[in-house]
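The values are calculated or read from the model by the stated rules, or taken from the named source; none is laboratory data. Keep in mind that this is a model prediction, so the values were computed, not measured. All Cβ positions, even for glycine, are placed from backbone atoms using ideal geometry, and neighbour counts span all protein chains on display.
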Ligand code: ADP
Ligand code: MG
């Protein structure tokens, strides 16, 4: 029989390896930044064109490479970082597999310029799809510049698979965040299509977080510090009241390497036990230092997952440290003071020496009280009726032209206009509105119902030819980070359509000189915050409508919360307006708004 097994040619092997290391432009960004850090650079610049599809270039001031090394570094398994297997157990560098550059060079056009301090002349190498096209000596400054052009030029399937520019840039920025947060002492800057997006100077961890995520972050951080023999924990967790519904600001760095760990994430979340509103995720920025011997980084090519020797102990230490900080900073539980045992460590642990800090409970604390901007005790609060075709509210004059199609089928469920007469509604637990209907009883979720009413009102308003705006006497200043600004700039036209008019941009944010009628100035920052986080997490597609998203967000921020006592007039207003809506069954986020209990259901209970 003939022999059939052959060794794959190097360029094929490299292309296959590239599939694992390089999924998208952001993977290249990660590998190049890490190489610059490993080269002891103190200043690293990242240049991106067309979200990395055209160019990814990293320029550093690190130790550079000799002429021979410059050639060698593109070979498979070429690394200066380990020399034997035992070095794997005491890693102090990001890289060690020696496959990033060979993989990248297999699937793109690469140009390397590099020089060490000792050399007079540097090297220039150009490679296209693993083939060396040019080798020369040039005069360059100390350090390394690596430019990657036309990524996936020879793998059309991969190239076509890339997402929109917005999405790919988002991935790059996420990767950049991880690297710069892990190394606050290093200067980093980032440019996209010639615009500078980040310019970070050497600083401490807290300052770095603030410079990346904006000044608003400052008041949100609670320091965490714990020093044990096994593990050193430092960093910050976000105060529970600032927790968001979307993921994004959760960072673990183990020995200055960003890692993902659902297990450690669970430890942190469980420390917030009872402090978080439902479905909210707190931010955290936590550095864990452990003995390099006690971890295994080599379980995944991108090295974002690692294995710890003693995970249950880490879990318990981390949970205790975060709990301790929250306790120390007098963060009181929000709603549910009862301990949820499902949050306890899933493994038994023998760290009895850890004292769980006592958390002070403030039984009066109601998270919804904070929302002063929505004071609803007055029956005629403007917010309440806003966006509705309400004759009683003169401010809404332009809206009075909008006629809502009243839904005749839905309104017929009420018995002889019963809702219009008083005393037909009753509020339960400051959360549900109960009302009598022909066939029995209806239970309405007040928050969802009000959201639906406001949402339809605003959607009408936003889809009118000219939005109804209120000009602000003093422009409203919003502090935004540069990548947040980028998101807003991209949708400036859509914002204008909904009545948000931007008068000025500057380095730290923007100024609005008009906002839609019905929106309170004090609600604008949180609306923008949610807008930005929604755009980051939900990738806009063709069917995506900014008017719709804005209407949802504004409705959410203005709607009466569960927990608010409503007068009967308000209760009836909500129910009546709900059934004048086009879609009274579902909230803007597609949740059920009301249920009905039939007389026959009740009768059967008394059998
Ligand atoms: P690894 O980082 O796993 O060693 P790479 O393929 O990323 O593998 O890089 C190969 C080698 O090239 C590195 O070990 C290092 O010696 C050298 N190198 C890469 N980038 C730089 C840089 N920016 N400055 C100096 N040396 C570099
Ligand atoms: Mg590397």
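General remarks:
- Residue within segment 75-98 that is within 8 Å of ligand 1 (Cβ to nearest atom) and outside any loop (DSSP other than H, G, I, E, B) present: no
- Number of positions in segment 77-105 that are surrounded by 17 or more Cβ atoms within 10 Å (Cβ to Cβ) and more than 15 Å from ligand 2 (Cβ to nearest atom): 0
- Qualifying residue in segment 115-124 (condition: part of a loop (DSSP other than H, G, I, E, B), within 16 Å of ligand 2 (Cβ to nearest atom) and surrounded by fewer than 17 Cβ atoms within 10 Å (Cβ to Cβ)): no
- Test: residue 146 is more than 19 Å from the chain's Cα centre (by Cα), surrounded by 20 or more Cβ atoms within 10 Å (Cβ to Cβ) and in a loop (DSSP other than H, G, I, E, B): no
- Scan of segment 457-503 for residues that are more than 25 Å from the chain's Cα centre (by Cα) and part of a helix (DSSP H, G or I), ordered by number: 457, 458, 459, 460, 461, 462, 463, 497
- Of the residues contained in segment 39-54, one or more are found to be loosely packed, with under 14 Cβ neighbours inside 10 Å and within 11 Å of ligand 1 (Cβ to nearest atom).
- Checklist (1) without any contact (Cβ under 8 Å) to a residue 12 or more places away in the chain; (2) buried (at least 20 other Cβ atoms within 10 Å of the Cβ) applied to residue 70, failing item: (1)
- Where a residue in segment 23-44 is assigned by TED's automatic domain parsing to the domain that holds residue 144 and under 18 Å from residue 65 (Cβ atoms) and its partner, wherever it lies, is in a helix (DSSP H, G or I) and more than 11 Å from ligand 2 (Cβ to nearest atom), with Cβ under 7 Å and at least six apart: 33/179
- Looking across 351, 295, 306, one residue alone is over 21 Å from residue 237 (Cα atoms), surrounded by 14 or more Cβ atoms within 10 Å (Cβ to Cβ) and modelled with pLDDT of 85 or more. It is 295.
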